[in-house]
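Structure, as structure tokens:
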Amino acid sequence: MDLPKVYNPKDNEAKIYDLWELSGCFKPSGKGKTFSMVLPPNNANGNPHMGHAYTLAIHDIAMRYHRMKGEKVLFIPGTDHAGFETQVVFERQLEKEGKSRFDFNREELYSLIYDFVQMNKINTENNLKKFGGSFDWSTNIFSLDKKVVDSAYSRFKKMWDQGLIYRGERLVNYCTFHGTGFADYEVEFKEEQGHLWYINYPVTNSKEFIKIATTRPETLLGDTAVAVNPKDKRFEGLIGKTVKLPITGREVPIIADEFVDPKFGTGAVKITPAHDPNDYEAAQRHSLPFITVIDLTGKITHEMPEDFRGLDVVHARKKVVEAIDSLGLLSKTEDYRHSVGHCYKCKTIIQPLLKEQWFIDMKPLAKEAIKVLEDKKIKFYPDSKRNQLIGYLNQLRDWNISRQISWGIPIPAFQNEENPDDWIFSDRVGQELIEVDNKTFRRDPDVFDTWFSSSSWPYVALDFPNGQNFNDFYPLSLMDTGGEILFPWVSRMIMLSLYETGQIPFKEVYIHGYVLAEDGAKMSKSLGNVINPMEVLDKYGSDALRMGMIAGRVAGVNRGYDTRKVEDARNFCNKIWNIARFCQDKAITIDIDTPEPESIADNWILNRLESVQNSIDNDLGNYLFGEAYEKLYHFIWDDFADWYIEASKVHQNDSVLGYTLKKCLQMLHPYAPFLTEAIWQSFMANTKQSILAITILKKGIKADASKSKEFDTLINQVIEIRNISNNLKLKMKTLNIASSSQDEMHNKLLIKLARINKITNNKIYEGIKLTTFEEPALIVVDQKTKLDYSNNLDAKIKERETSLHNLEQRISNSSYLEKAPKQLVQDTKNNIDSIKQELTSLKQDLNQINN
RNA sequence: GGACCCUUAGCUCAGUUGGCUAGAGCGCUUCCUUGACGUGGAAGAGGUCAGAGGUUCAAGUCCUCUAGGGUCCACCA
């Protein structure tokens with residue numbers, strides 16, 4: 001025998017991947033329908049996690065399934081430079097070496113990170129191969145590839161020319177630790193225990209005060225107004241007057257604005273336009289000045305009163321409160337829980353700061369995206385994500401695409417040294433200074449938000465506008481991502497693809513849930529519950545990892561990682577391996593398209609195969625990966641191995657056995673590509689050269705229904721006999737059947753499968769009567785054993801009687817007869833009849849025993 | 001303040017458009033060294049489908065409410 005007793009993935013996986021890669025079998029071929037996917041680019045900055053393994057499994061199952069349907073399939077791998085994310089990872093590494101980003105200039109840092117990313121990129125690509133990804137590697141794409149950068153630049157220019165991109169001083173989410181601005185989706189809001197301070201602002205030339213409530217007293221240094229609701233009677237006389245700000249004594253107006261909620265706090269709000277988004281907008285409506293209190297390092301600026309200059313926010317807050325208190329203007333302090341924005345990486349509190357940045361006006365883009373989503377031009381699994389996305393797009397604000405970091409695609413814009421408002425586009429980003437029309441322009445030091453470039457992934461990966469792949473495969477068939485990037489990525493791919501190509505980027509979106517840790521918590525390094533997929537792969541094999549991830553998972557739902565599922569999948573691999581060993585031992589060939597069924601078992605397994613294949617086909621068409629897996633699992637293990645192969649030991653049919661194994665390998669291939677290919681190769685070694693991955697899975701064959709039904713009957717008979725003999729601990733079994741008319745093969749199968757010693761045809765009626773035989777049949781036992789069995793019989797009769805009662809109640813309901821489908825009513829009637837028959841027989845049997 | 005998801009066997013979870021006796025894996029009990037496989041084979045035990053109400057001939061499945069767990073969104077000072 002060629003195959004070792006236990007399947008060892010390590011013997012095969014690398015070899016098999018090489019075979020695929022060298023043969024070029026994952027290049028698109030064929031002329032039929034197309035199916036295409038682009039892998040969400042893995043961040044080339046670290047080790048893979050379970051989410052990568054899971055995402056890849058989903059992708060690759062879909063790809064291999066469609067490829068084996070004979071479709072023309074394109075599967076594009078890729079990696080992302082992951083700008084800010086990578087810089088953070090790299091800085092942590094620097095920190096371990098006792099260095100920081102400030103030890104290097106921009107170019108040095110870029111080049112260091114570049115090397116770091118190249119190393120990780122190669123590592124990532126190797127892992128994608130280990131996971132079995134059936135990629136066309138000639139299409140591999142990296143987010144700093146020329147085509148990606150060019151596309152970002154041309155899009156930037158087009159949008160700029162059309163007024164969709166503008167540069168302006170806006171309130172930006174700023175992380176003072178990382179020294180960069182963020183988009184809204186990079187801010188993490190968390191509930192925090194803080195205080196609400198009530199402060200009396202003295203009204204100018206009056207003994208009156210207007211009391212405001214604030215969570216950020218330090219910003220009062222930059223207040224430029226106090227606002228109240230115009231309908232709020234309490235402040236009627238005050239609107240239009242001014243107050244003298246505590247500490248600074250600056251005079252600012254009391255204004256009326258609808259945005260103020262009279263029920264909150266005191267009904268009067270201090271307005272700090274430079275540090276609060278609401279206030280910023282109010283200030284614009286009322287043409288108020290902007291005064292910056294906090295600088296980019298998170299400290300109080302030097303324009304502020306001397307006592308506070310250079311203090312960080314926490315200390316400044318304390319000192320301001322003290323100062324106000326000593327002025328007698330602090331009315332009261334309350335504990336207060338509110339939500340505060342944090343940097344999603346370092347958890348530093350995000351400061352809303354005024355800063356010049358590049359923004360994209362999202363309204364027109366979002367509008368188009370909402371339209372295609374509302375028209376259901378893109379199908380979502382699960383559908384609820386579509387509505388979530390619409391909700392997100394509806395409230396989307398302008399997108400800050402500037403990042404003040406060195407790792408990323410430089411923004412191709414230059415500023416006139418003489419005139420700060422004069423900006424021009426140029427892709428000469430390699431130079432810091434350029435000359436245009438005798439004027440010197442300086443390059444914007446910022447880089448793009450990573451999502452600005454990766455949003456073009458679907459069409460750039462396909463070489464828009466003129467590439468063959470773009471012609472053949474756009475829009476992509478399916479996009480699968482985790483829920484966490486639905487907003488930053490999926491939404492932007494839709495918007496930017498619509499903008500650039502005028503078409504949707506993909507027809508369907510599958511959102512998978514997170515792979516949580518085994519305890520149900522999020523996997524995170526700080527919790528120490530991270531499971532490395534490469535270690536799992538090493539221990540159980542790539543196929544087991546894939547199947548273990550897929551088993552029991554459903555679109556959009558988070559689920560803990562479960563070692564037991566991977567173990568179970570590993571066992572399953574071994575099962576198939578041994579089925580193959582059995583077949584090889586029997587000198588079976590599998591290159592068979594037209595099996596020749598003879599026995600009832602042959603016909604049965606072919607019919608089962610046909611029906612399971614259809615069912616799986618239907619599931620995979622609807623991306624029910626877990627369901628299809630389970631069906632395949634049970635077909636192969638229960639039907640094929642436990643019934644058909646066992647029956648084969650009685651009578652072997654080479655063509656049906658070989659055909660069934662072939663179909664199993666093909667159907668299972670998307671789930672367990674390495675194992676099935678290894679088996680395939682071992683069978684094909686002596687015949688013709690072929691690769692399982694690119695074979696076409698043909699439709700199943702329908703066999704003789706009545707023969708296959710007879711095997712179903714046989715199965716029931718075997719189960720009944722096994723049940724009785726297990727119950728009574730029978731070692732030796734004689735089956736007595738009244739007539740000898742039963743087919744000889746049927747008897748042989750009964751003997752083998754039910755482990756009967758012999759079958760007799762005596763007229764003497766003695767023993768335990770069987771209910772699954774048409775003619776009288778019984779297991780021969782002595783009187784004592786029979787008495788032992790009467791209790792079981794009693795229980796069985798009771799259970800049947802309950803069923804009968806339930807069914808009879810249903811049938812006696814006239815509404816049921818009227819309204820339920822006729823077939824269902826008929827089935828119920830048939831069921832009642834058969835239960836009645838069974839009961840009669842059971843009762844007879846019981847009588848016999850008791851007499 | 002919105003939106004969504006989850007609650008089914010000891011554990012982890014399936015259950016598509018309502019349909020007859022609610023499934024799987026693992027675990028558990030009993031048995032089997034049968035010539036592909038002990039990462040195996042056979043037979044079992046185990047569930048008032050979170051609770052309440054409603055729609056229906058029929059509800060785990062649809063609707064409403066309640067309780068518990070989770071996620072996301074939102075500029076309430």
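The values are calculated or read from the model by the stated rules, or taken from the named source; none is laboratory data. Computed from a prediction, not measured in an experiment: that's the story for all the values here. All Cβ positions, glycine included, derive from the backbone under ideal geometry; neighbour counts span all protein chains shown.
Which ones in segment A:231-257 are within 13 Å of RNA strand B (Cβ to nearest atom) and either touching an Asp or Glu at 6+ places or on another chain (Cβ under 9 Å) or closer than 17 Å to A:Y198 by Cα (or both)?
Within segment A:231-257, A:K231, A:R234, A:F235, A:A256 qualify.
Is it the case that some residue within segment A:515-528 is within 12 Å of RNA strand B (Cβ to nearest atom), surrounded by 16 or more Cβ atoms within 10 Å (Cβ to Cβ) and under 26 Å from A:R386 (Cα atoms)?
Yes: one or more hits.
Could you go through segment A:763-776 and let me know if any residue there is touching a helix residue (DSSP H, G or I) at 6+ places or on another chain (Cβ under 7 Å) and either under 30 Å from A:K662 (Cβ atoms) or among the polar types (S, T, N, Q) (or both).
Yes.
Out of A:K729, A:K699, A:K758, A:K784, which single residue is among the basic types (K, R) and touching a residue at least 40 places away in the same chain (Cβ under 8 Å)? Spell out the reasoning first.
Details: A:K729 fails: touching a residue at least 40 places away in the same chain (Cβ under 8 Å); A:K758 fails: touching a residue at least 40 places away in the same chain (Cβ under 8 Å); A:K784 fails: touching a residue at least 40 places away in the same chain (Cβ under 8 Å).
Every option except A:K699 fails the conditions.
Within segment A:629-652, is there a residue that is of a type in the set (A, V, I, L, M), farther than 25 Å from A:E710 by Cα and near RNA strand B (Cβ under 8 Å from one of its atoms)? Explain how you work it out, then say what you get.
Start the filter on segment A:629-652 by keeping residues that are of a type in the set (A, V, I, L, M), which leaves A:632, A:636, A:641, A:645, A:647, A:650.
When the remaining residues are screened for being farther than 25 Å from A:E710 by Cα, the result is none.
No, the conditions are met nowhere in segment A:629-652.
Mind listing whichever residues of segment A:16-51 are in contact with a Leu (Cβ under 8 Å, 6 or more places away or on another chain) and outside any loop (DSSP other than H, G, I, E, B)? Outline the logic, then answer.
So the first thing to find is which residues in segment A:16-51 are in contact with a Leu (Cβ under 8 Å, 6 or more places away or on another chain), and the list is A:28, A:34-39, A:42.
Within segment A:16-51, A:T34, A:F35, A:S36, A:M37, A:V38, A:N42 meet the criteria.
Name, by its number, the condition in (1) among the acidic types (D, E); (2) closer than 27 Å to A:N607 by Cα; (3) more than 14 Å from RNA strand B (Cβ to nearest atom) that does not hold for A:D782.
In the conditions (1) among the acidic types (D, E); (2) closer than 27 Å to A:N607 by Cα; (3) more than 14 Å from RNA strand B (Cβ to nearest atom), A:D782 misses (2) alone.
Filter the strands (runs of 3 or more DSSP E) completely within segment A:113-208 down to those with at least 1 residues that are modelled with pLDDT of 90 or more, of a type in the set (G, A, S) and closer than 30 Å to A:D398 by Cβ.
Working: elements: A:165-175, A:180-182, A:187-202.
The qualifying strands (runs of 3 or more DSSP E) are A:180-182.
Conditions tested, residue by residue: (1) modelled with pLDDT under 90; (2) in contact with a helix residue (DSSP H, G or I) (Cβ under 6 Å, 6 or more places away or on another chain).
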| position | (1), (2) |
| --- | --- |
| A:A544 | no, yes |
| A:M547 | no, yes |
| A:D562 | yes, no |
| A:E567 | no, no |
| A:N571 | no, no |
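Tally the residues that are surrounded by fewer than 21 Cβ atoms within 10 Å (Cβ to Cβ), within 19 Å of A:I165 (Cβ to Cβ) and either polar (S, T, N, Q) or within 14 Å of RNA strand B (Cβ to nearest atom) (or both), restricting the search to segment A:367-395.
0
Note down all Cβ pairs under 6 Å where the first residue falls in segment A:543-570 and is assigned to a loop (DSSP other than H, G, I, E, B), the second is of a type in the set (A, V, I, L, M) and more than 8 Å from RNA strand B (Cβ to nearest atom), and they're at least six residues apart or on different chains.
If the second residue must be of a type in the set (A, V, I, L, M) and more than 8 Å from RNA strand B (Cβ to nearest atom), the pairs left are A:G556/A:I511; A:Y561/A:M50; A:Y561/A:V515; A:Y561/A:I531.
Which one is farthest from RNA strand B (Cβ to nearest atom) among residues in segment A:785-809 that are in contact with a helix residue (DSSP H, G or I) (Cβ under 9 Å, 6 or more places away or on another chain) and of a type in the set (A, V, I, L, M)? Give the derivation first.
Applying the first criterion (in contact with a helix residue (DSSP H, G or I) (Cβ under 9 Å, 6 or more places away or on another chain)) to segment A:785-809 yields A:785-790, A:792-794, A:796-797, A:800-801, A:803-804, A:807-808.
Filter again for of a type in the set (A, V, I, L, M), leaving A:787, A:793, A:797, A:804, A:807.
Working: A:L787: 19, A:L793: 14, A:I797: 14, A:L804: 10, A:L807: 6 Å.
Filtering segment A:785-809 for residues that are in contact with a helix residue (DSSP H, G or I) (Cβ under 9 Å, 6 or more places away or on another chain) and of a type in the set (A, V, I, L, M), the one farthest from RNA strand B (Cβ to nearest atom) comes out as A:L787.
Considering only segment A:674-711, how many residues are within 16 Å of RNA strand B (Cβ to nearest atom) and under 40 Å from the mean Cα position of the chain (by Cα)?
Residues of segment A:674-711 that are within 16 Å of RNA strand B (Cβ to nearest atom), as a first pass: A:674-676, A:678-679, A:682-683, A:711.
Filter again for under 40 Å from the mean Cα position of the chain (by Cα), leaving A:674-676, A:678-679, A:682-683.
Of the residues in that region, 7 qualify.
Can you say whether A:T219 is more than 24 Å from A:D398 (Cβ to Cβ), within 47 Å of the chain's Cα centre (by Cα) and near RNA strand B (Cβ under 9 Å from one of its atoms), as far as the supplied structure shows? Can you show your working first?
Numbers: more than 24 Å from A:D398 (Cβ to Cβ): no; within 47 Å of the chain's Cα centre (by Cα): yes; near RNA strand B (Cβ under 9 Å from one of its atoms): yes.
The answer is no for A:T219.
Is segment A:836-843 home to any residue that is in contact with a Ser or Thr (Cβ under 7 Å, 6 or more places away or on another chain) and of a type in the set (S, T, Y)?
yes
Since A:R570 meets every condition but one in (1) within 10 Å of RNA strand B (Cβ to nearest atom); (2) farther than 30 Å from A:G483 by Cβ, which condition does it not meet?
Of (1) within 10 Å of RNA strand B (Cβ to nearest atom); (2) farther than 30 Å from A:G483 by Cβ, only one is false for A:R570: (2).
List the number of the failed condition for A:M495; all other conditions in (1) assigned to a strand (DSSP E or B); (2) crowded, with 21+ Cβ neighbours inside 10 Å hold.
Result: A:M495 fails condition (1) only.
Would you mention how many residues in segment A:811-828 are more than 7 Å from RNA strand B (Cβ to nearest atom) and either among the basic types (K, R) or surrounded by 10 or more Cβ atoms within 10 Å (Cβ to Cβ) (or both)?
The number of residues fulfilling the criteria is 5.
Considering only residues that are over 56 Å from the mean Cα position of the chain (by Cα), among the hydrophobic types (A, V, I, L, M, F, W, C) and not in a loop (DSSP other than H, G, I, E, B), which ones fall in segment A:750-788?
Of everything in segment A:750-788, those that are over 56 Å from the mean Cα position of the chain (by Cα), among the hydrophobic types (A, V, I, L, M, F, W, C) and not in a loop (DSSP other than H, G, I, E, B) turn out to be A:I759, A:L787.
Matching residues to (1) over 30 Å from A:L661 (Cβ atoms); (2) touching a residue at least 12 places away in the same chain (Cβ under 8 Å); (3) basic (K, R); (4) not in a helix (DSSP H, G or I):
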{"residue": "A:Y499", "(1), (2), (3), (4)": "yes, yes, no, no"}
{"residue": "A:Y510", "(1), (2), (3), (4)": "yes, yes, no, yes"}
{"residue": "A:A521", "(1), (2), (3), (4)": "yes, no, no, yes"}
{"residue": "A:S524", "(1), (2), (3), (4)": "yes, no, no, yes"}
{"residue": "A:M534", "(1), (2), (3), (4)": "yes, yes, no, no"}
{"residue": "A:N574", "(1), (2), (3), (4)": "no, yes, no, no"}
{"residue": "A:F582", "(1), (2), (3), (4)": "no, yes, no, no"}
{"residue": "A:S611", "(1), (2), (3), (4)": "no, yes, no, no"}
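Report, by residue number, each residue of segment A:721-770 that is under 21 Å from A:S790 (Cα atoms), polar (S, T, N, Q) and away from RNA strand B (no atom under 16 Å from the Cβ).
A:T734, A:N736
Out of segment A:532-548, which residues are closer than 19 Å to A:W637 by Cα and either near RNA strand B (Cβ under 7 Å from one of its atoms) or of a type in the set (A, V, I, L, M, F, W, C) (or both)?
Across segment A:532-548, the qualifying residues are A:A544, A:L545, A:M547.
Counting only residues that are within 19 Å of A:Q837 (Cα to Cα) and of a type in the set (S, T, Y), how many does segment A:766-814 have?
5
Mind checking which residues of segment A:281-318 are within 16 Å of RNA strand B (Cβ to nearest atom), in a helix (DSSP H, G or I), in contact (Cβ under 8 Å) with a residue 60 or more places away in the chain and of a type outside the set (V, I, T)?
Hits for segment A:281-318 are A:H286, A:A316, A:R317.
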